[in-house]
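Q: Before we start, here is the structure in question, set down as structure tokens.
Laboratory data are not the source of any read-out in this text; all were calculated from the coordinates shown. Note that the structure is predicted; figures quoted are calculated from it, not measured. When we count neighbours, we look across all protein chains shown, and the Cβ atoms used for this are built from the backbone with ideal geometry, even at glycine.
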Amino acid sequence: MARISAGIATSHVPAVGAAIDMGRTDEDYWKPMFDGYEFSKQWMRENTPDVAIIVYNDHASYFGMEIMPTFAMGIADSFAICDEGYGPRPVPVVEGAPELATHLAASLILDDFDMTVLNVLEVDHGLTVPMSLMFGTPDKWPTKVIPLPVNVVMYPQPSGERCLSIGKAIRRAVEQFDGDLDVQVWGTGGMSHQIQGARAGLINLPWDKQFMDDLINEPEVLQYKPHLEYMVEAGSEGVELIMWLIMRGALGEHVDEVYRFNHVPASNTSVGHLILTPKEHS
Ligand code: DHB
Ligand code: FE
């Protein structure tokens, strides 16, 4: 049986990827942020999963205004790198896990989650920056990846309730897979940030910290937080945080907090990061 061994949450700020790619992580501005991921890189070396299901959003890099799936799943053998802004990052191609991904897509669709199935997909900073933060700069990524893009960039985004419940469905589906696989689920994006308009640069660290506490202890309550509250309290891009609910739903009722990190600011973002494990595995 495959099993979910851990959940990772982390912001996916594109400038963080650029800092890594340009060798600037030791600069005064960046060092305190990257230092906060040293524990995680070490932990990940000791807990490398066979497969990481990475919940992220495309930033109109591969998808665009024309086509924007609400929930999608990459089932291909591999995923090329793309990006907006700085352009594609010089990181290894992302290797897929087609057998598990196909099983998950079928299971979720039969569970009434209408996934868009992606036989071709290129992945942007939403997915590659978390991989760099957790794995550093290897020549080849040490784990296979199932990309799970979620629309958080264009109205209407899925509800928090839907996100938590798709996470729970992912857990059931993974546990029904006939294969001895260690699987992690990653939720990326957030925390508070606004990169446009009059409130550009908005950060709300107390709200972010409360969100982390609620995610750990009260996800069933958190799922009813309206999108408008994310907008008002966490800025126009803060709604990326609904993707963390998918990760949390996949971990079961109770979790242990392995690691927590906050840093303000990185670019326009309040950086937040968690490593959680399901209670029964700790
Ligand atoms: C920033 C953060 C993001 O999550 C993103 O997708 C784009 C920009 C920022 O802080 O600049
Ligand atoms: Fe983003």
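Q: Note down the magnitude of the dipole of the chain about its Cα centre, charges +1 on Lys and Arg C-beta and -1 on Asp and Glu C-beta and zero elsewhere, to the nearest 20 debye.
A: Value, rounded to 20: 240 debye.
Q: For the chain, list the DSSP H helices whose alpha carbon atoms reach 20 Å or more along the long axis and whose average Kyte-Doolittle value is -0.5 or above?
A: Helices meeting the criterion: 160-175.
Q: Need one number: the % of Cα-Cα pairs in segment 97-218 sitting beyond the 21 Å mark.
A: Tail of the P(r) past 21 Å holds 53 percent of the pairs.
Q: Take the Cα coordinates of segment 16-98, assign each an equal point scatterer, and use the Debye formula without solvent to give log10 I(q)/I(0) at q = 0.15, 0.17 Å⁻¹.
A: Computed log10 I(q)/I(0) values: -0.80, -0.99.
Q: Let me ask something additional. Restricting to lysines 8 or more places apart or on different chains, can you count the pairs in the chain with Cα atoms under 28 Å from each other?
A: For the chain, the number of qualifying lysine pairs is 16.
Q: Would you report the distance distribution of C-alpha pairs in segment 93-156 as whole percents per 10 angstrom bin, up to the bin with the largest distance?
A: 17, 45, 31, 7
Q: Among residues other than Gly179 whose Cβ falls under 13 Å from its Cβ, what is the net charge (Lys/Arg +1, Asp/Glu -1)?
A: Computed value for this residue: -4.
Q: Using +1 on the beta carbon of Lys and Arg, -1 on that of Asp and Glu, and nothing else charged, what's the dipole of segment 174-282 about the Cα centre, debye to 20?
A: Around 600 debye, computed over segment 174-282.
Q: Sequence gap at least 6, Cα distance under 8 Å: using those rules, report the relative contact order of the chain to the nearest whole percent.
A: Dividing the mean separation by the residue count of the chain yields 31 percent.
Q: Run lengths n ≥ 4 of DSSP H only: what is the helix-derived mean residue ellipticity at 222 nm for the chain, with -39500 (n - 2.57) per run over all residues, to the nearest 500?
A: Estimated from H runs of four or more residues: -9500 deg cm²/dmol.
Q: Continuing with the same structure: Using the Kirkwood formula on the Cα atoms of segment 3-281, what hydrodynamic radius do you get, in angstrom to one decimal?
A: Result for segment 3-281 stands at 18.3 Å.
Q: Where Rh denotes the Kirkwood radius from the mean inverse Cα pair distance, what is Rg over Rh for segment 1-144?
A: That ratio is 0.97, to two decimals.
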